[in-house]
Amino acid sequence: MTTTAPTTTAPRSGRRFEAARQVADAVLFEGYVLYPYRASAAKNRMRWQFGVLVPPAWAPAQGEHSLQRTEVLMEPRGAATLSLELRFLHAQRRTVQQALEDGSFTDTDALHLPDRVLVPWDEGTEERVELRVAVPELTQKEIVLPFTRPAREDTEAVLDDRGRTVGRLVRRTQEVEGVVRLHAEELDGPYRVLKLTAVVENTSPWTPAEPAAAREEALPRSLVAAHLLLGLTPGSFLSMTDPPEWARSAVAACANLHTWPVLAGEDGRADVVLSSPIILEDHPAIAPESAGAMYDATEIDEILALRTAALTDEEKREARGTDPRAAAVVDLADSLPPEVLERLHGAVRSLRGATGESLPAAPSPDALFTPDTPWWDPAGAGAEEPGPGRVTVDGTAVGPGSRVRLRPGLRRTDAQDLFLQGRAARVEAVLHDVDGGVHLAVTVEGDPGADIRREQGRFLYFQPDEVTPLEEP
C-alpha cells in the first residue's frame, strides 16, 4: 500500500541535527567553487560533482542518476518517530547585463567594478524537504512525499561607488520536481530491528530537445549534492561500517545506491544518520583548526589559505565577482592572523584517541637507518631512456589511445575506484615509476569532464593487471 504525505513540510528538526549539520554543510558545498575561486579557472568549468540527481529523461543517455536509495538498520523504542531532512542545491543561472544610456540593458561577459568583476555564473541555493512520521506507520505502508520548487526570475541592480545603476544581475531558476519514498520492514533476528528504505528521486518531466543535450541544460532541473539527515526518537541506528556481529548479515543485505549512510552527530550517540554521496566514516567532524569553509576538502586548508592570499588584486576582484561564497574565502584568507594560520598545520589525535597514552619519544638519530646514498637522487641519477610508450596486457599492446575495461583490484583499490568497475576507459599515457612499476593514466569514456582532465593532466591511474584490453569500436 502507498500513501501520499502532505506536501507541507514539518518544522525543522532543530537541535537533533545541529551537531551533524556542520558536516552536512561541507557535503552540500563540496566542490561548489574551487581555488583559485574564479569562474574563468579550468577547475570551475566542470561543476556539481557529487550527489547530482538529474531528470530521468536525460539520465540514461548520459550515464548519470535520477535517484538515490538509502537502506539502514534501526532499533526504535516505544512510540518512536523518524525525522527526515532532505537537503540539496538548486542551481540558478546568473547572467550579467550592462546598463545602456537609454535605460535598457544588454548581456555582457564581464561588468568591471572597483572591487569586483561580475561574470555569468551558476549559483546554488539551498533547499530542504522535511518530514516527521511515526515508525509504526512506516511498517504499514509506503510514505510518499512529493515536492516542487517552482521556476522564477529575479533581478538585482548593480550600483557603482557613486550609487549609479551600471548594470544588473538576472537570476533564472528552472522548476524541479522530486519525491521522497519511505518504508520500513521488521527483520527476523534476536532483537527487534527494522530496515529503513529511503529513496530520493528527481521526477522532473523535462525532456531534452536532443538526447545528447549538454549537462548544463540538465543541471538547473537537478537536485545537486542531495543527501539525507535521519533522526530517530527514541531509538538508535546501527553502524553500517562496524555493526554488531549478530547484525552483520542484515547490514550486508542492505542496498545503498549512490549514497552511503554513517552515524552522525555527537560521538557516542547513534540516533542520527547522515546519508551522503561522499563516502564518510561514522561520526565525521570538521577539524577544529579549520578557519572556515573553503569548498575543497581534497586540499589542505593551510595551502589554500596561503595561495588565496597570494592571488593578485585582479584575480581577487574576479573571485569576488564570481560568487559571494568565493568572495568570503578571499576575505577570510586576507584576514587570517598568524596564530590562526599556525593552527592550520593540524594536530595528531588518532594515536592518543586509540591508546590513551602519550606519543613515544622520537628515537635518536643514531637509531635510524641512514643509507650512504638516498634511495633515489635526481641530481646524481644518470640520463635514463624514457620507458616504453606501450605495455603488454593479456597479449595485447596497450598504449596512449587504447581502450580498456577497468577491473580495479580489491587488494589495493579504494571505494571510489570500485564505482568504476566494468567501465570502459581510454589510456592517455603509460607511466613508469622509479621502483619499476607501470601505471596506466586513463580517462573514463562518457565522462563529461574528460577534456578538462586532459588539459590539467589529472587522470585516474590503474596498473596493467587492473584492466582488460578492448577492441576499437
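Tally the residues that are more than 19 Å from GLY103 (Cα to Cα), open to solvent by 50 Å² or more (accessible area, probe 1.4 Å) and either free of Cβ contacts under 8 Å to residues at least 12 places away in the same chain or basic (Lys, Arg) (or both), restricting the search to the range 155-192.
Number satisfying all stated conditions: 4.
Working only within the range 25-47, note down all residues that are buried (at least 19 other Cβ atoms within 10 Å of the Cβ), assigned to a loop (DSSP other than H, G, I, E, B) and on the phi < 0 side of the Ramachandran plot.
Selection gives GLU30, TYR32, VAL33, LEU34, TYR35, PRO36, ARG38, ALA39, ARG47.
Any residue in the range 94-115 that's free of Cβ contacts under 8 Å to residues at least 60 places away in the same chain: show its pairings with residues that are in a loop (DSSP other than H, G, I, E, B) and loosely packed, with under 10 Cβ neighbours inside 10 Å at Cβ separation under 6 Å, as long as the two are six or more apart or on different chains.
Short answer, once both residue conditions are applied: PRO114/ASP161.
Counting just the residues of the range 229-257 that are assigned to a loop (DSSP other than H, G, I, E, B) and among the hydrophobic types (A, V, I, L, M, F, W, C), which one comes out surrounded by the fewest Cβ atoms within 10 Å (Cβ to Cβ)?
So the first thing to find is which residues in the range 229-257 are assigned to a loop (DSSP other than H, G, I, E, B), and the list is 238-244, 253-256.
Cutting the leftovers down to among the hydrophobic types (A, V, I, L, M, F, W, C) gives us 238, 240, 253-255.
On the way: LEU238: 23, MET240: 22, ALA253: 11, CYS254: 18, ALA255: 8.
Filtering the range 229-257 for residues that are assigned to a loop (DSSP other than H, G, I, E, B) and among the hydrophobic types (A, V, I, L, M, F, W, C), the one surrounded by the fewest Cβ atoms within 10 Å (Cβ to Cβ) comes out as ALA255.
Taking the conditions exactly as written (modelled with pLDDT of 90 or more, more than 24 Å from the chain's Cα centre (by Cα) and under 21 Å from LEU257 (Cα atoms)), does GLU177 satisfy them or not?
No.
How many residues does the range 288-310 contain that are basic (Lys, Arg) and loosely packed, with under 13 Cβ neighbours inside 10 Å?
Count: 0.
Have a look at VAL180, VAL117, VAL135, VAL144 and point out the one that is touching a Ser or Thr at 6+ places or on another chain (Cβ under 7 Å), within 30 Å of ARG215 (Cβ to Cβ) and β-branched (Val, Ile, Thr).
Numbers: VAL180 fails: touching a Ser or Thr at 6+ places or on another chain (Cβ under 7 Å); VAL117 fails: touching a Ser or Thr at 6+ places or on another chain (Cβ under 7 Å); VAL135 fails: within 30 Å of ARG215 (Cβ to Cβ).
Exactly one residue qualifies, and that residue is VAL144.
Would you kindly identify the strands (runs of 3 or more DSSP E) lying entirely within the range 132-213 that contain at least 1 residues that are among the aromatic types (Phe, Trp, Tyr)? It would help to see each step written out before you state the result.
Details: elements: 142-149, 152-159, 165-173, 176-187, 193-202.
Once the strands (runs of 3 or more DSSP E) in the range 132-213 are filtered for at least 1 residues that are among the aromatic types (Phe, Trp, Tyr), what remains is 142-149.
For the range 137-154, give me each residue that is exposed (fewer than 12 other Cβ atoms within 10 Å of the Cβ) and more than 17 Å from GLU177 (Cβ to Cβ).
Residues satisfying the conditions are GLU153, ASP154.
Any idea which residue in the range 98-132 is nearest to ARG320 (Cα to Cα), counting only those that are touching a Phe, Trp or Tyr at 6+ places or on another chain (Cβ under 9 Å) and open to solvent by less than 20 Å² (accessible area, probe 1.4 Å)? Give the steps one after another, and end with the answer.
To start, the set of residues in the range 98-132 that are touching a Phe, Trp or Tyr at 6+ places or on another chain (Cβ under 9 Å) comprises 98-99, 122, 124, 126-129.
Okay, now just the ones that are also open to solvent by less than 20 Å² (accessible area, probe 1.4 Å), so 124, 129.
Working: GLY124: 16, VAL129: 31 Å.
Of everything passing the filter in the range 98-132, GLY124 is nearest to ARG320 (Cα to Cα).
Take LEU341 and decide whether it is part of a helix (DSSP H, G or I), open to solvent by 30 Å² or more (accessible area, probe 1.4 Å) and at pLDDT below 90.
Here the answer is yes, as LEU341 does meet what is asked.
Determine whether the range 246-256 contains at least one residue that is among the basic types (Lys, Arg) and more than 16 Å from GLU71 (Cα to Cα).
Looking through the range 246-256, none of the residues is among the basic types (Lys, Arg) and more than 16 Å from GLU71 (Cα to Cα).
The values are calculated or read from the model by the stated rules, or taken from the named source; none is laboratory data. Note that the structure is a prediction, hence the values are computed from the model and not measured. Here the Cβ is made from the backbone with ideal geometry for all residues, glycine too, and neighbour counts use every protein chain on show. These accessible areas exclude ligands, DNA and RNA; they are computed on the full protein's heavy atoms, side chains included. Shrake-Rupley method; radii C 1.70, N 1.55, O 1.52, S 1.80 Å.
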